[in-house]
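See structure below.
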Amino acid sequence: MTLLLKSDGDRRDQWFRELASRMPDLEVRSWPDLGDPAEIEFALVWEIPHGVLRRLPNLRAIFSIGAGVDHLFADPELPRQIPICRVVDRNLTVRMTEYVVLNTLRLHRRDPEYLDAQREGRWRELYAPTAAERGVGVMGLGALGGDAARALAALGFRVMGWSRRARDLQGVECFHGGDGLAPFLARADILVCLLPLTPETEGILGANLFARLPRAAGLINAARGGHLIEADLLAALESGQIRHAVLDVFRAEPLPAEHPFWRHRRITITPHTASVTDPSSVAELVAENIRRARSGEPLLHRVDPTTGY
Ligand code: GLV
């Protein structure tokens, strides 16, 4: 039983340890040392070069190292008939919720503006309404968005959620589909994007959407850089339509040193660390899915290749 691993250098050794302790009979081969491709039954990968998976004739399942699977669907040669699973993991969800709560509170209490005032040695009092008067809109109500929305609602924010299909979440006013978007945006003083990246959501954070938000809205994008039209964000910051943006993800990562986002006073940048996959908890899911694949049981968190999430 052989698994191909393609992970970041720093976490590769941890994956080896965590997988070995749960499945001593699993042989793990680390990309690019494939050995005989016909021996590989499982792939546990993050951003593997396009075309590689298709050349594994006996592959039985593909596991994304991460909640997102857009890195897999970007491969034009992806063998779509093979089951693809994503990570749904409590630790990953909790970390994302912490990031969303932290940054929603920062924008709500106008923390970036206080930091600016402090840099200038300026005593500047800014008005902040209570959470109950602040609308927070969460785009994407899956494992991550749903948990973040519930946590924000528990803090007293007026939380709205938007998703492709209708959802029902206690304490969250839910909107869906094309028709639900404008009424959802109209009251989102702070907008949080946790959508999967698909052809439908690519570039969704653009001028059209920004124009539908209340004036001086806040934006948090912890989903994918491909959701955002960067020039439109710069224009919306310039016009004051967006007051501040918190960005964890970018079209090019690492964000190039000369990129204008780095030095923009009204953009906060984190280096795609809002939440990370922790091998010590996710190896359990991988082990369970391998057990299921071998006994012919349905896999957990299988992705629908027609929707791409
Ligand atoms: C990270 O971006 C992930 O998809 O988990």
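Quick check: convex hull of the Cα atoms in the chain, volume per residue, rounded to a whole Å³?
Considering the Cα atoms of the chain, their hull volume per residue is 144 Å³.
Got a number for the accessible area of R109? Probe 1.4 Å, square angstrom, nearest 10.
That residue has around 150 Å² of solvent-accessible surface.
Measure off 7 Å from each Cα along the Cα-to-Cβ vector at A74 and T307, then give the distance between these two points in nanometres to one decimal.
2.3
Once the Cβ-Cβ distance between R109 and A211 is put in as r, and R0 is 30 Å, what FRET efficiency do you end up with, to the nearest 0.05?
Working: r = 26 Å, r/R0 = 0.86.
The calculated FRET efficiency here is 0.70.
Could you give the distance between the Cα centres of region 166-184 and region 55-122, to the whole Å?
Centre-to-centre distance over Cα atoms comes out at 22 Å.
In nm, what is the difference between 0.36 nm times the number of residues separating A231 and E120 and their Cα-Cα distance? Walk me through the intermediate numbers first.
Numbers: separation 111, 0.36 × 111 = 39.96 nm, distance 2.79 nm.
Using 0.36 nm per residue and subtracting the Cα-Cα distance, I get 37.2 nm.
Determine one quarter of the surface area of the Cα convex hull of region 88-141, which equals its mean projected area, and express it in nm² to one decimal.
Numbers: hull surface 20.4 nm².
With every direction weighted equally, the projected area is 5.1 nm².
Modelled label-to-label distance, L102 and M1, 7 Å Cα→beta-carbon offset: nm?
Label-label distance for L102 and M1, simple model: 3.7 nm.
Percent antiparallel among DSSP beta bridges with both residues in region 90-269, to the nearest 5?
Roughly 5 percent of the DSSP beta bridges within region 90-269 come out antiparallel.
How high is the FRET efficiency between S21 and L155 when r is their beta carbon distance and R₀ equals 45 Å, given to the nearest 0.05?
0.75
Of all the C-alpha pairs in region 90-269, what % are more than 28 Å from each other?
18
Working from the alpha-carbon coordinates of region 192-309, get Rg over Rh, Rh being the Kirkwood radius.
1.10
I'd like the accessible area for Y127, computed on protein heavy atoms only with a 1.4 Å probe and all protein chains in place. Round to 10 Å², please.
Roll a 1.4 Å probe over it and Y127 shows about 150 Å².
Would you kindly state how much longer the chain becomes between I82 and E258 on full extension, computed as 0.36 nm times their sequence separation minus their alpha carbon distance, in nm to one decimal?
59.3 nm
The values are calculated or read from the model by the stated rules, or taken from the named source; none is laboratory data. Predicted, not measured: the structure shown is a model, and the values here were computed from it. Neighbour counts are summed over all protein chains in view; Cβ atoms, including those assigned to glycine, are modelled from backbone coordinates with ideal geometry. Accessible surface is based on the protein model in full, side chains and every heavy atom, while ligands, DNA and RNA are left aside. Shrake-Rupley method; radii C 1.70, N 1.55, O 1.52, S 1.80 Å.
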